[in-house]
Every structure is written in structure tokens, then in C-alpha cells.
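Peer 1: Below is one structure. I have some questions about it.
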Amino acid sequence: MSSVNQEEEELPANHTGPKGVINDWRRYKLDSVDQTVPQKKRELLRQMSNPRDDDKERQNRKMSAQEYELIQEEDERCLKRYRKQCMQEMHERLSFGPKFECVHELESGEAFLEVIEKEHRLTLVVVHIYQHGVKGCEQMNSCLDCLAAEYPTVKFCRIDAVATGAAERFSSEVLPTLLVYKAGELLGNFLAITKHFNEEFFATDVEGFLNEYGLLSEKEFSACADDEDDAGEVE
């Protein structure tokens, strides 16, 4: 075996650089071949994925149209799975802090101050100040329930205006109110926020409004689209 081939053989799977990425991809292709695939097909895929095979006869003969279509089809499926795996790994490396996934009810002004001052400095805190019977408050609560599930690293909270201890500052005219904090700093103060929406509004409307101010982080990585594509390929 030549020194070049020996170097490729010994190259670790997590090696960086073009050669390392290519070898990672080759290993992933070979490992991901479904064991239910007929032996002849698996062998063909193994040979076409392995550049170190010294079978000159196989290398010199022309590939049939059927073999080419087979390899191309398998390449596309493997590439999609490999890309999904890389995206998930990248997301795990970049993820930080706790996950919340629901709206937290704050029972007092002290709890309100604590969540602002003591939460992780990289955590975005969205607080809804509401009051029962005020138009739009119940609907806003429903919208935030949806957004909390879609943005689990954002801490969504709600508190009754009376419980804040400053009910005179939060009269029905300024409710519902959304306050947005990060590292103890007030980033957004949206009084009577429903005036920005139609009479009937949804979570996507609130999401779009907050995104206009660049307040929401990226959603959690979702493989739903790729899963649907994979499902469509099942024969």
C-alpha cells in the first residue's frame, strides 16, 4: 500500500480540512447503507464509495446506466441524512442555557424582579402583563403558549397587573403589555400591543411583530421538512 493510501487509512473520522470532510462523508455513506438492501447492491455501493479499492478490472470497466442511477439515488439519500446529522450536531454545540418550553406564571412583583435580574445573561425574557376581562389579554396568553413551545430557549412569563404591585401603572388602557428583557436590560416596552394587530390575531402575528425588532432568536432546529422528504421516498 502506498504512503498516500496509508495516510488516508489512518485519518481519524473527525479530522478537519477537505480530506477529513471527504473521509467523514465516505465513512458515513458506508455505515448508513441499509442492511436490508440486497448483498449485490450493498457490494456495489461499497465499491463505488471506497476509493482505495485496487480492483483494476472493476475500475476500468464502464458503469452501466442502471448502476449509475443506483449510485446517484443512494448518494442523494445519504447526503440528506448526513446533512441532517451535521445540522443537529452543530445545533447541539451552539445551544446554551436552560430550556423552558412553557409560559411561567409570576405570582408577585418580587418574582417579576427576580426573573429579570437573575436569569442567565444570554436568556431572552418576555413578560406579558395582563388582566382578566381586558380585551386581547386572553388571546395574547394563548399566542405566548404557542411561541413558548417554538422558542424553548426564550423564557416567556405572564403576571397579572394587580400582582405586580403597581396596578396603577398598568391600567386596562395599556394592557396587554409585553416587556422584553435580556441581562437585566429592557429591550422592548410594548404597551397596548394589540393595537398593532387585527381584532383577531394569532401567534404568527406576535412572532412577526417581535421579529421586526430583532427580539426573537432562531427557532430550534427541526428536521420535519427532511423527514417528510424521506417519507416520500419510501417505496
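The values are calculated or read from the model by the stated rules, or taken from the named source; none is laboratory data. From a predicted model like this one, the values you see are computed outputs, not experimental measurements. Using ideal geometry, Cβ is built from the backbone for each residue, glycine included, and neighbour counts are taken over all protein chains shown.
Peer 1: Hey, could you check the range 82-124 for residues that are part of a loop (DSSP other than H, G, I, E, B) and modelled with pLDDT under 75 and say which is nearest to the chain's Cα centre (by Cα)?
Peer 2: Top of the filtered list is SER95.
Peer 1: Of the residues that sit in the range 125-158 and are crowded, with 16+ Cβ neighbours inside 10 Å and of a type in the set (Gly, Ala, Ser), which one is farthest from the chain's Cα centre (by Cα)?
Peer 2: Step by step, filter the range 125-158, then rank; the result is GLY136.
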